[in-house]
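Just so you know, all these numbers are worked out from the coordinates, no wet-lab data involved. Predicted, not measured: the structure shown is a model, and the values here were computed from it. Here the Cβ positions follow ideal geometry from the backbone for every residue, glycine too, while neighbour counts run over all protein chains shown.
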Amino acid sequence: MTNSFKEFENAKLFFCIGTNMTEAHPVASYFVKRAVKKGATLIVADPRRQPLADHAKIFAQIKVGSDIAFLNGIMNVLIAEDLYDKKYVEENCEDFDSLKAMVKEYPVEKASKLSGVPVETIVEIARTMASIKPGMLCYTLGITEHTCGKNNVMSTSNLQMLLGNIGKQCGGVNPLRGQNNVQGACDMAALPAVFPGYQSVADPAVREKFMKAWKVASLPDKPGLMIPDMMAGLPTKKVRAFYIFGENLANSEPNITHVEHELSSAEFIVCNDIFPTETTRFAHVVLPAAAWCEDEGTFTSSERRVNRVRKIKEAPGMAKPNWWIFKEIAKRMGQEWQSEGAGEIWDNEISMLAPAYGGIKYSRIEQDGLQWPCPNVEHPGTEFLHRDGKFSRGKGLFKGIEWTPPAEVQDKEYPFVLSTGRRLFHYHTRTQTSRAGLDMILPEETADISPADAEKLNIANGEYIRVSSRRGSVKVRARVTEQIPGGMVWMAFHFRDGNANWLTNNVFDPETKTAEYKACAVKLEKER
């Protein structure tokens, strides 16, 4: 997030696109709803009429995968009607002509046809956003989990720069991260092109710094592989060993049948986890780890806040803290790492090697944590980024972006579009929530369909149906709901049986390698 959760309370406008915030981020959605009660304007754009839409002044029910066309249509109105922030654009941004030329190709009539949002609604959204400044834009996985996910994100940035909403309190582009500590994992270099603190592996000075600190003779100067490429390398033996750390790939990756083939092809798999999962079945070695409350450490939230995590109980059996497991493996590879425990690792390594965390010391995050960048111990942390339109690259860069459809669209054989997400009562693949009694509240998966489609197919609410794609089929109960528009099916991936990922398409954004969980073609049949 460029901004902070505490700003939600005083925000004047929220534009929430591709975010089922009420179920996936209920605390954040509470802040939004509280702001609306105080007078903030809420605009929601989503294929489903999900719960947040009930609090919105404007709800735009866009077609799955039409985000760029929809956003281009809004920006077309802003430019055509001279409603954008000219001063901000001229002083703080580059390549406006590129954006202007592209959005000119998306008049509201075209944007309406591609997105399914009425012309008058697109115009109303543009005029409303231009009239209430600043405005906060929030998105979640509904924007990123597409083959054009990176372009979707860039389109949201285009819109906020055009409105002059970046670098201001109660503004910005604010992604709510999909899982706990995703932000922290990325910060700590769980990405193949950077060292901790987003320092490029291609920078010789950065490599030299880490080589000295880590006492090694060399480090890679080119990015490594992302998860889909790692997994694709298993059957071909390009990748021979696979260390899986706290991830249930056999349930969470698209096209489970294909994923299981990849995992079963590995010569050697190590799983480092707190519970047995569908993925540990493929492991040659399982390393039992301590859970979050069984060791000291930190999490970093969506708003870049580094918070303390405190130990409240001992880990059971042979389970050990993750840092200890990694340190012991390194020892057997000839490395003697000095730090003992999370506090020493943070103070002696992380804050010393990553400038963005230079001022974040363990002693300073006893209370409510600190937000990076925090370059020195006198710094209070950064509430919002790009203050006054001063971007880290100098000026904000516009980019005209063409809309592209999902990789797989409906046809006569598979006439419905399947989109996936999360439900309130379960988290991810239920590795934890199934053991916490929440199956009593939500015991099985459903396929959510519209009343019109249910009537057409003679399907009653609660009846079993079969949902099939080109990759597999699942038997689930139908949930008939007004939230879903005609021609769409919505499912989650929390359960093994009825998991949407037996159906989803294993295609990815070419740059981020994020899977297109939000769109594939399916058919529905009533179980006899």
Whole-angstrom gap from segment 8-35 to segment 252-312, using each part's C-alpha centre: 29
Net dipole in debye of segment 133-261 [+1 Lys, Arg Cβ; -1 Asp, Glu Cβ; about Cα centre; nearest 20]: 360
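Tell me, Ile68, Ile459, Ile365 in order of fewest to most beta-carbon neighbours within 10 Å? Let's see the in-between values first.
Values: Ile68 26, Ile459 21, Ile365 18.
So the residues, fewest neighbours to most, are Ile365, Ile459, Ile68.
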Proximal lysines relative to Lys311, as straight alpha-carbon distance under 28 Å, when same-chain residues fewer than 8 apart are discounted: Lys6, Lys320, Lys327, Lys331, Lys361
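Once you sort the root eigenvalues of the Cα gyration tensor of segment 416-526 as a ≥ b ≥ c, which label holds: rounded (a/c under 1.5), prolate (a/b larger than b/c) or oblate (the other case)?
The shape class here is oblate.
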Dipole of the chain, positive direction: furthest Cα of His55, Ala342, Leu397, with charges on the beta-carbon: His55
Neighbour-count ranking [beta-carbon atoms within 10 angstrom, fewest first] of Ser264, Ser392: Ser392, Ser264
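Express the relative contact order of segment 416-526 as a whole percentage, based on alpha carbon pairs under 8 Å and six or more residues apart in sequence.
Working: 239 pairs, mean separation 41.9, N = 111.
In percent, rounded to a whole number, it is 38.
Sort Arg430, Arg435 so that the residue with the fewest other Cβ atoms within 10 Å of its own Cβ comes first and the one with the most comes last.
Values: Arg430 21, Arg435 11.
Final ranking by Cβ density, sparse to dense: Arg435, Arg430.
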CD proxy at 222 nm, helix term only [per DSSP H run n ≥ 4: -39500 (n - 2.57); per residue of the chain; nearest 500]: -7500 deg cm²/dmol
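Take every Cα pair under 8 Å in the chain that's 6+ residues apart, average their separations, divide by the length, and report that relative contact order as a whole percent.
Numbers: 1087 pairs, mean separation 87.5, N = 528.
After rounding, I find 17 percent.
Is segment 203-334 rounded, prolate or oblate when judged by the Cα gyration tensor, a ≥ b ≥ c being the square roots of its eigenvalues, rounded requiring a/c under 1.5 and prolate requiring a/b larger than b/c?
Numbers: a/c = 1.58, a/b = 1.06, b/c = 1.48.
Note, shape of segment 203-334 comes out oblate.
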Test item: Cα-centred dipole of the chain, Lys/Arg +1 and Asp/Glu -1 on Cβ, debye: 280
Dipole-positive endmost among Met136, Leu78, Thr236 within the chain (Cβ charges, Cα centre): Met136
Candidate lysines for bridging to Lys518, where Cα separation is under 28 Å - those fewer than 8 sequence places away on the same chain excluded: Lys33, Lys57, Lys63, Lys104, Lys110, Lys113, Lys150, Lys399, Lys412, Lys456, Lys475, Lys526
Cα centroid separation - segment 320-387 against segment 158-188, whole Å: 22
For segment 362-410: span of alpha carbons on each principal axis (Å, largest first): 55, 30, 13
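Grab the eigenvalues of the alpha-carbon gyration tensor for segment 5-176, scale each by 5, take roots, and send me the semi-axes largest first in whole angstrom. It would help to have the intermediate numbers written out before the result.
Details: eigenvalues 103, 69, 42 Å².
That gives 23, 19, 15 Å for the three semi-axes.
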Relative counts (whole %) of C-alpha pair distances in segment 225-286, using bins that are 5 Å wide: 4, 21, 33, 29, 11, 1
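With r defined as the distance between the Cβ atoms of Lys475 and Thr512 and R0 fixed at 45 Å, what FRET efficiency is calculated, to the nearest 0.05? Could you put the intermediate results ahead of the total?
Values: r = 33 Å, r/R0 = 0.73.
Efficiency at R0 = 45 Å is approximately 0.85.
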Between segment 109-142 and segment 448-476, the Cα center-to-center distance that results, in Å: 31
